[in-house]
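Down below is the structure, laid out as structure tokens.
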Amino acid sequence: MRLSTVIRHLTSAIVAFAAAVSGAMADPLAKDAFGAQRLPAATQAAAHGFYSKGCFAGGMAIATDGPNWQAMRLSRNRRWGHPEMIALLERFSREAAQDGWPGLLIGDVSQPRGGPMLSGHASHQIGLDADIWFLPMPNRRLSAGERENLDFVSMLQPNSLYVDDRKWTPAHARLLHRAASYPNVERILVHPGIKKKLCDTVGGDRSWLRKVRPFWGHDSHFHVRIGCPVDSPGCRTQDAVPREEGCDQSLAWWFTEEPWRPAKGPAKPKARDVLRLSSLPSACEAVLAAPAPISEAAVTVSGRGTPMIATTNAPPVTANAFAPTPERTIPLPQPRPYD
């Protein structure tokens, strides 16, 4: 092969490589772009897109320690959510304590500006999802190390789909009932064994059971999801949950072999590993470009006061953590709701 031909091929390869690099920089993986954000977008609060494909602006953080909660896995920086979600968590912690629950251990909510996460959840992208541990809060403040390493406690019997009665208590059922009582909570995801336990034991008014949906995992924590806030026209809702309790054949399916059958064929890449920024709602680029607040403390709800949202070039906006949440129609679940 002539030297001129080699040079021509080499030049073409370099140009193609440069174009690919330039394209990737212009349209990065969404998880990299959003995973790099340490503070929220200090703009009008709004959720954009769907629970598993979107972002949010005007986020607030739940404090690492509150009167009736402690936040876990702090290194992940996932204490952020839409103000309505954070207000719900503060209210839930307070009213659960009035019910006799020692306090909430709060797991992942969202990243500061939402979007796909570097690891873990498929959902939690628009600030409207939160994980709560079934383990009650201890009567002391956990150290940073304990919050990172404390083991999850499954509510199930070893190697079983059924609840371990040595761990499960009526207080766990009351906690789920309290979470389901809020009008803006649309669904609560739990392990099928926990759903069955509720179906078998809850008396009186059982209408709230329809919000409690069985899903893979969720044996050591439950997942609370609220509906699209009124300030978020770009938020896409889920179908409403059925009016029935969900203690019928739809639950029995989970105790067959089919839901636990290993997938066949080559594993598909996770959505977060291929999803580009351009695949998210167009508003998410503006969310990434928005200024940050003056500090994390300025947008953190402690449960002891009302934080302020502020930037260096915008007037402060008061965020009321105790504002009432509006009544709304409860949506339907998808056949396989997103975690």
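The values are calculated or read from the model by the stated rules, or taken from the named source; none is laboratory data. On a predicted model such as this, the values are computed, not experimentally measured, just so you know. So basically every Cβ, Gly included, is an ideal-geometry build from the backbone, and we count neighbours across all protein chains shown. In case anyone asks, the SASA skips ligands and DNA or RNA and just uses the protein heavy atoms, side chains included. Shrake-Rupley method; radii C 1.70, N 1.55, O 1.52, S 1.80 Å.
Convex hull over the Cα atoms of segment 153-205, averaged projected area in nm²? Spell out each step's value before the answer.
Values: hull surface 16.1 nm².
For segment 153-205, the mean projected area of the Cα convex hull comes to 4.0 nm².
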So, taking all protein chains as they sit and a 1.4 Å probe, how much accessible area belongs to His82, in Å² rounded to tens?
0
Going by average Cβ neighbours within 10 Å, how do the peptides 65-73, 149-157 rank, with the highest at the top?
65-73, 149-157
Can you work out the Karplus-derived ³J(HN,Hα) for every residue in segment 286-293? Use 6.51 cos²θ - 1.76 cosθ + 1.60 with θ = phi - 60°, whole Hz, and x for glycine or proline.
5, 4, 5, 7, 5, x, 8, x
Just to be sure I understand: if I project the alpha-carbon convex hull of segment 125-238 onto a plane and average over all orientations, what area do I get in nm²?
9.0
Backbone HN-Hα couplings from phi across segment 167-174 [Karplus 6.51/-1.76/1.60, Hz, Gly and Pro as x]:
10, 7, 9, x, 5, 5, 5, 5
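For a test of the definition: using alpha carbon positions, the gyration tensor, and the 1.5 limit on a/c, classify segment 176-291 as rounded, prolate or oblate.
On the way: a/c = 2.77, a/b = 1.35, b/c = 2.05.
Judged from the Cα gyration tensor, segment 176-291 comes out oblate (a/c at least 1.5, b/c at or above a/b).
In the structure displayed, which of Lys31/Lys197; Lys197/Lys264; Lys31/Lys268; Lys31/Lys211 lie more than 28 Å apart, Cα to Cα?
Numbers: Lys31/Lys197 37 Å; Lys197/Lys264 31 Å; Lys31/Lys268 17 Å; Lys31/Lys211 30 Å.
Over 28 Å Cα-Cα: Lys31/Lys197; Lys197/Lys264; Lys31/Lys211.
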Long-range amide H contacts for Arg213: which residues qualify at under 5 Å (H placed 1.01 Å from N, peptide plane, sequence gap of 5 or more or a different chain)?
Ile188, Leu189, Val190
Per-residue HN-Hα couplings for segment 232-244, Karplus 6.51 cos²θ - 1.76 cosθ + 1.60 at θ = phi - 60°, whole Hz, x for Gly and Pro?
10, x, x, 8, 9, 7, 8, 5, 6, 5, x, 6, 6
